[in-house]
Amino acid sequence: MDSISALTQEQRTYPSPEGFRSQALIQDPAATHQASLTDPDRFWGDIAAELHWTRPWDQVFRQTGAHHAWFIGGQTNITLNALDRHAQGPRRNQVALFWLCENGQSQTLTYDLLLRRVCQMANALKSRGVQRGDRVIVYMPLTPEGMIAMLACARIGAIHSVVYAGMGVQALRSRIEDSQAQVVICADVTYRNGKRVGLKSIVDNALEGLESVHTVLVHRRQDPPIEFNSSREIDLESLVATQPDSCPAEIMEAEDPLFILYTSGTTGQPKGVVHVHGGYMVGVSYLMRAFYDLKPNDIFWSTSDIGWIVGHSYIVYGPLLNGGTVLAREGAIDYPHPGITWETIARYGVNVLFTAPTALRLFMRHGIEQVTPHNLSSLRLVASAGEPLNPEAQAWAQTHLLGDRGLVLDNWWQTEIASPVLGTLPAMTAKVGKVGKPLPGVEAVVLNPNGEPVGPNQGGLLVLKRPLPYMMRTIWGDDSRYLKYWEDFPGGYTSGDVAFYDEDGYFCVLGRADDVISVAGHRIGTAEVESAFLSHPAVAESAVVGLPDEIKGERIKGFVVLKAGHEASDHLANLLRDHVRRELGPIVTPSEIEFRETLPKTRSGKIVRRLLKAESLGLDPGDVSTLAD
């Protein structure tokens, strides 16, 4: 494989505003990073010591081949740190959760009330025979009950596996079978874009013939309540209401599994990533403060869902571990009107917003007229992750959402690594089009296929040279799949992404290795070409794929969704083609541009380029999963 061409010429920067920078947890990012690499045991040990352990660890870190363990001998339970130490202290009556639904429903839970409801749910699970190490499937929308179910599992040492409430029958069934779960917690419906979306029928079909599941706890939201189909189905609210509101936390070893989260789609064997109580807790807790800048009394809103790793780490566990206030909203981010996100931020005084590039592009498409009527003065940080952050989306958010109050910060991580790995810390200068630098504890390199490091502005495979506490421990039931992450470059974790870094050490992640296009010997990341399209004022969304070409190997085809007020035409296609050529050079000139009303996306909003490529090649689109994350 040839090296990957880095074409971006973006030079815009946003220095950290003084008032924002001076309040950052890490004031000297370079010195902190160096200290974390020089003596990692001391670095992570000091952070872990800030949390509650029922038994201190004997050893911070141990690695045997591809396997690593952290805080060996230490005992705790993540809920002791996320709930008890706040509910039994000065934060007892502080709001832990503001929950909203697009249909107007809402709940407010203090730390004391949240702990009591978690204990009731935990006792309900115990009453159904759930024990330490058992797996529980949570097929719930973004509701307090879904979050409480996760925490209740952790409370009693059960392993939760959340399945996004939107995945279909086969996706749900395959996860139940792979995890060998005996209990499913679900809701009858969810709400999105003004519609009531049924979930219970999906559960019914997924469980058909699966006798291993002995209990289905159903959160019935409709009136009148739906009828049950079998004796194993139980009304969740009725069962929980009869339970005591006190439940001692099961004391767990640091390396005991906390949850399984599946990353594959409905095709092929699902891949269950396993995270544990100790190292996950330490990493998520630290980066909630160090990267996402959570302060006491802050209100933190992540627009993700509990079905994804972002929802696990930065809706449920991260904010609660630090005693923050979570705002969670079920439904579409632009329903019932395009300005609802900004209206919500102004109403609740949100301080930190975590969202995705897909959402930022949607906000851009709706226009600043949706933003300006609302007072966003409380908002100081907007974080974006999930896919490469396009320069125009970053610049738009910095200009129209924050101004000089704070920063839009990019970050890169994966389901396999449950918190940021690369990112722009609050005390750093943000470089448009760059995700940032390796965060504390992270040693990242860019390698060519031979395992040799490449120089600045030369693309290659992104590899991490050492484990992190918040990395996965294995793939559930299939350790051989886990080992493959460490086989390509001995001693290094292969992320599967391509990247380059500049002269200042800022990384740019170009996307998945299989999203690279080879044009006349030049390997080009799709993210850069898509960003070039998005820098044109007529473009709201874009995607590019490579198609076979007899002369160049591959040619570039672009798919474009236009902003309101612009019409598709051959003239506009020529303008866009010339625009990309000017931005990135002649070799990247698209050979074809197709205008579309929408782009196919995963449930978490990532563009499914495989589907676009299959359609362009006349292949059966049904062979390409639209649910993979």
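The values are calculated or read from the model by the stated rules, or taken from the named source; none is laboratory data. Keep in mind the model is a prediction, meaning the values are calculated, not measured. Glycine gets a Cβ as well: all are built from the backbone with ideal geometry, and neighbour counts include every protein chain shown.
Return the pair list, or none, for Cβ contacts closer than 9 Å from residues in the stretch 60-76 that are outside any strand (DSSP E or B) to residues that are surrounded by 15 or more Cβ atoms within 10 Å (Cβ to Cβ) and small (Gly, Ala, Ser), at least 6 apart or on different chains.
GLY73/ALA254; GLY74/ALA48; GLY74/ALA254; GLY74/GLY278
Could you list, in sequence order, the residues of the stretch 208-220 that are in contact with a Lys or Arg (Cβ under 9 Å, 6 or more places away or on another chain) and farther than 21 Å from GLY129 by Cα?
Here is the first cut: in the stretch 208-220, the residues in contact with a Lys or Arg (Cβ under 9 Å, 6 or more places away or on another chain) are 208, 210, 213-218, 220.
GLU208, ARG220 - these are the residues of the stretch 208-220 that are in contact with a Lys or Arg (Cβ under 9 Å, 6 or more places away or on another chain) and farther than 21 Å from GLY129 by Cα.
Which condition number does LEU402 fail, the rest of (1) under 15 Å from the mean Cα position of the chain (by Cα); (2) over 14 Å from GLY605 (Cβ atoms); (3) of a type in the set (A, V, I, L, M) being met?
(1)
Among the residues of the stretch 577-611, what is the count of those that are outside any strand (DSSP E or B), modelled with pLDDT of 90 or more and in contact with a strand residue (DSSP E or B) (Cβ under 6 Å, 6 or more places away or on another chain)?
Count: 4.
Which strands (runs of 3 or more DSSP E) does the stretch 400-518 wholly contain that include 1 or more residues that are free of Cβ contacts under 8 Å to residues at least 40 places away in the same chain?
On the way: elements: 407-414, 417-423, 444-447, 458-464, 493-501, 507-512.
Qualifying strands (runs of 3 or more DSSP E): 407-414, 458-464, 493-501, 507-512.
Given the options LEU151, LEU172, name the one that is closer than 19 Å to GLU253 by Cα and among the aliphatic types (A, V, I, L, M).
Working: LEU172 fails: closer than 19 Å to GLU253 by Cα.
Only one candidate passes the filter, namely LEU151.
Take ARG175 and tell me if it is at pLDDT below 95, within 22 Å of the chain's Cα centre (by Cα) and within 23 Å of ARG329 (Cβ to Cβ). Steps first, answer last, please.
On the way: at pLDDT below 95: yes; within 22 Å of the chain's Cα centre (by Cα): yes; within 23 Å of ARG329 (Cβ to Cβ): no.
Here the answer is no, as ARG175 does not meet what is asked.
PRO248 passes all but one of (1) more than 18 Å from the chain's Cα centre (by Cα); (2) farther than 30 Å from ASP58 by Cβ; (3) surrounded by fewer than 22 Cβ atoms within 10 Å (Cβ to Cβ); which number fails?
PRO248 satisfies every listed condition except (2).
Looking at the stretch 145-154, is at least one residue crowded, with 20+ Cβ neighbours inside 10 Å, of a type in the set (Val, Ile, Thr) and without any contact (Cβ under 8 Å) to a residue 60 or more places away in the chain? Steps first, answer last, please.
Here is the first cut: in the stretch 145-154, the residues crowded, with 20+ Cβ neighbours inside 10 Å are 145-154.
The next check asks that each one be of a type in the set (Val, Ile, Thr); those that pass are 148.
Keeping just the survivors that are without any contact (Cβ under 8 Å) to a residue 60 or more places away in the chain gives 148.
Looking through the stretch 145-154, at least one residue is crowded, with 20+ Cβ neighbours inside 10 Å, of a type in the set (Val, Ile, Thr) and without any contact (Cβ under 8 Å) to a residue 60 or more places away in the chain.
Could you check SER304 against (1) modelled with pLDDT under 95; (2) over 15 Å from the mean Cα position of the chain (by Cα) and say which number it fails?
(2)
Restricting the stretch 542-576 to residues that are in a loop (DSSP other than H, G, I, E, B) and either of a type in the set (Val, Ile, Thr) or free of Cβ contacts under 8 Å to residues at least 40 places away in the same chain (or both), which is nearest to GLY367 (Cα to Cα)? I'd like the intermediate steps shown before the answer.
Step one: list which residues in the stretch 542-576 are in a loop (DSSP other than H, G, I, E, B), which gives 550-552, 563-569.
Going one step further and asking which of them are either of a type in the set (Val, Ile, Thr) or free of Cβ contacts under 8 Å to residues at least 40 places away in the same chain (or both), we end up with 550-552, 565-569.
Details: GLU550: 42, ILE551: 42, LYS552: 39, GLY565: 12, HIS566: 14, GLU567: 17, ALA568: 20, SER569: 23 Å.
For the stretch 542-576, the residue satisfying everything is GLY565.
Can you tell me which residue in the stretch 531-541 is nearest to ARG596 (Cα to Cα), limited to those that are in a strand (DSSP E or B) and not small (Gly, Ala, Ser)? Full working, then the answer.
Taking the stretch 531-541 as the starting set, the residues that turn out to be in a strand (DSSP E or B) are 539-541.
Narrowing further to those that are not small (Gly, Ala, Ser): 539, 541.
On the way: VAL539: 11, GLU541: 10 Å.
Only one residue tops the list, namely GLU541.
If I ask for residues that are aliphatic (A, V, I, L, M) and in contact with an Asp or Glu (Cβ under 7 Å, 6 or more places away or on another chain), which ones from the stretch 253-291 would you list?
Applying the first criterion (aliphatic (A, V, I, L, M)) to the stretch 253-291 yields 254, 258, 260-261, 273-274, 276, 281-282, 284, 287-288, 290.
Residues satisfying the conditions are VAL273, VAL276.
If I go through the stretch 63-78 residue by residue, how many of them are aliphatic (A, V, I, L, M) and either within 18 Å of SER313 (Cβ to Cβ) or buried (at least 24 other Cβ atoms within 10 Å of the Cβ) (or both)?
Looking only at the stretch 63-78, we keep the residues that are aliphatic (A, V, I, L, M), and these are 66, 69, 72, 78.
From what is left, the residues that are either within 18 Å of SER313 (Cβ to Cβ) or buried (at least 24 other Cβ atoms within 10 Å of the Cβ) (or both) are 78.
So the count comes out to 1.
Taking HIS86 and the conditions (1) surrounded by 20 or more Cβ atoms within 10 Å (Cβ to Cβ); (2) on the phi > 0 side of the Ramachandran plot, which numbered condition does it fall short on, given that it satisfies the others?
Failing condition for HIS86: (2).
Any idea which residue in the stretch 380-423 is surrounded by the most Cβ atoms within 10 Å (Cβ to Cβ), counting only those that are closer than 22 Å to VAL463 by Cα and of a type in the set (Val, Ile, Thr)?
VAL421
Does the stretch 465-483 hold any residues that are hydrophobic (A, V, I, L, M, F, W, C) and crowded, with 22+ Cβ neighbours inside 10 Å, and which are they?
Residues of the stretch 465-483 that are hydrophobic (A, V, I, L, M, F, W, C), as a first pass: 468, 471-472, 475-476, 483.
Hits for the stretch 465-483 are LEU468, MET471, MET472, ILE475, TRP476.
Only one residue in ASP497, ASP502, ASP478 is among the acidic types (Asp, Glu) and touching a Pro at 6+ places or on another chain (Cβ under 9 Å), so which one is that? Show your work before the answer.
Values: ASP497 fails: touching a Pro at 6+ places or on another chain (Cβ under 9 Å); ASP478 fails: touching a Pro at 6+ places or on another chain (Cβ under 9 Å).
Only one candidate qualifies: ASP502.
Please go through the stretch 184-218 and pick out each residue that is assigned to a strand (DSSP E or B), in contact (Cβ under 8 Å) with a residue 24 or more places away in the chain and under 26 Å from the mean Cα position of the chain (by Cα). Step through it out loud before you land on a result.
Taking the stretch 184-218 as the starting set, the residues that turn out to be assigned to a strand (DSSP E or B) are 184-187, 189-192, 195-198, 215-218.
With the extra rule that they be in contact (Cβ under 8 Å) with a residue 24 or more places away in the chain, the set shrinks to 184-187, 189-192, 196-197, 215-218.
Of everything in the stretch 184-218, those that are assigned to a strand (DSSP E or B), in contact (Cβ under 8 Å) with a residue 24 or more places away in the chain and under 26 Å from the mean Cα position of the chain (by Cα) turn out to be VAL184, ILE185, CYS186, ALA187, VAL189, THR190, TYR191, ARG192, ARG196, VAL197.
Based on what the data block shows, is SER264 within 17 Å of ILE137 (Cα to Cα), out of contact with any Gly (no Cβ under 8 Å at 6 or more places or on another chain) and at pLDDT below 95? Outline the logic, then answer.
On the way: within 17 Å of ILE137 (Cα to Cα): yes; out of contact with any Gly (no Cβ under 8 Å at 6 or more places or on another chain): yes; at pLDDT below 95: yes.
Yes, satisfied.
Can you tell me which of ARG289, ARG329, ARG347 is modelled with pLDDT of 95 or more, out of contact with any strand residue (DSSP E or B) (no Cβ under 9 Å at 6 or more places or on another chain), buried (at least 19 other Cβ atoms within 10 Å of the Cβ) and not aromatic (Phe, Trp, Tyr)?
Values: ARG329 fails: out of contact with any strand residue (DSSP E or B) (no Cβ under 9 Å at 6 or more places or on another chain); ARG347 fails: buried (at least 19 other Cβ atoms within 10 Å of the Cβ).
Only one candidate qualifies: ARG289.
Quick one: in the stretch 1-53, of everything that is part of a loop (DSSP other than H, G, I, E, B), of a type in the set (A, V, I, L, M) and modelled with pLDDT of 95 or more, which residue is farthest from the chain's Cα centre (by Cα)? Before you say what the answer is, go through the steps one by one.
We begin by selecting, within the stretch 1-53, every residue part of a loop (DSSP other than H, G, I, E, B); these are 1-3, 6-12, 15-17, 22-28, 39, 49-53.
In the following step, the residues that additionally are of a type in the set (A, V, I, L, M) were identified as 1, 6-7, 24-26, 49, 51.
Filter once more, so that each one left must be modelled with pLDDT of 95 or more: 24-26, 49, 51.
Numbers: ALA24: 23, LEU25: 22, ILE26: 23, ALA49: 27, LEU51: 24 Å.
Per the criteria, the residue is ALA49.
Every residue in the stretch 91-112 that is in a helix (DSSP H, G or I) and crowded, with 19+ Cβ neighbours inside 10 Å, please.
The initial filter retains those residues of the stretch 91-112 that are in a helix (DSSP H, G or I), namely 111-112.
If the condition is that a residue be in a helix (DSSP H, G or I) and crowded, with 19+ Cβ neighbours inside 10 Å, then TYR111 is the only one that fits.
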